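To start, the structure itself, in C-alpha cells.
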Amino acid sequence: MIQVDMFEVQLGAALLLQFQTAEGKTVRALADGGEGLPDKNIHEKLIAAVESFGDGQRRIDLLVGTHYDADHLDGLIPIINDRSFAILQRNASRLQRAV
C-alpha cells in the first residue's frame, strides 16, 4: 500500500509519503512543514494522515527540509517537539562524520 498526502503551505506544498515494504514495515517520509504559526503548519493534518494509514504508529522515518526558508522549516518544529511522534535518526552519526 502507498499513500501520498500533499498539504498546502503558503506558496508550496508539504509532502508525506507512506508505504509498506514487502515485509509489511511502514515507512514514512515528510518533506517540509510550513510556517511555525499553528494555523500555517501541517501538524494537525499530519496526525490525521498518519492515523489514516492504519498501522497505529506515529513515526517518521525521514524528515526533510527542502531549503532554509522559514515557510518550509518552522512548521517542522511542532512535529519534532510532539513526543507522540517518533522521528528515527539512524543515520545521524554518518551525517556528523561527513560534516
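The values are calculated or read from the model by the stated rules, or taken from the named source; none is laboratory data. Remember, predicted model here, so these are calculated numbers, not experimental data. Heads up, the Cβs are rebuilt from the backbone with ideal geometry, glycines too, and the neighbour counts pull from every protein chain shown.
Could you tell me which residue of segment 16-48 is surrounded by the fewest Cβ atoms within 10 Å (Cβ to Cβ), considering only residues that are among the acidic types (D, E) and in contact with a helix residue (DSSP H, G or I) (Cβ under 6 Å, 6 or more places away or on another chain)? Here the answer is E35. Among the conditions (1) exposed (fewer than 15 other Cβ atoms within 10 Å of the Cβ); (2) more than 15 Å from V4 (Cα to Cα), the only one that E51 does not satisfy is (2). Is it the case that D32 is closer than 18 Å to Q3 by Cβ, modelled with pLDDT of 90 or more and within 10 Å of the chain's Cα centre (by Cα)? No: the conditions fail for D32.
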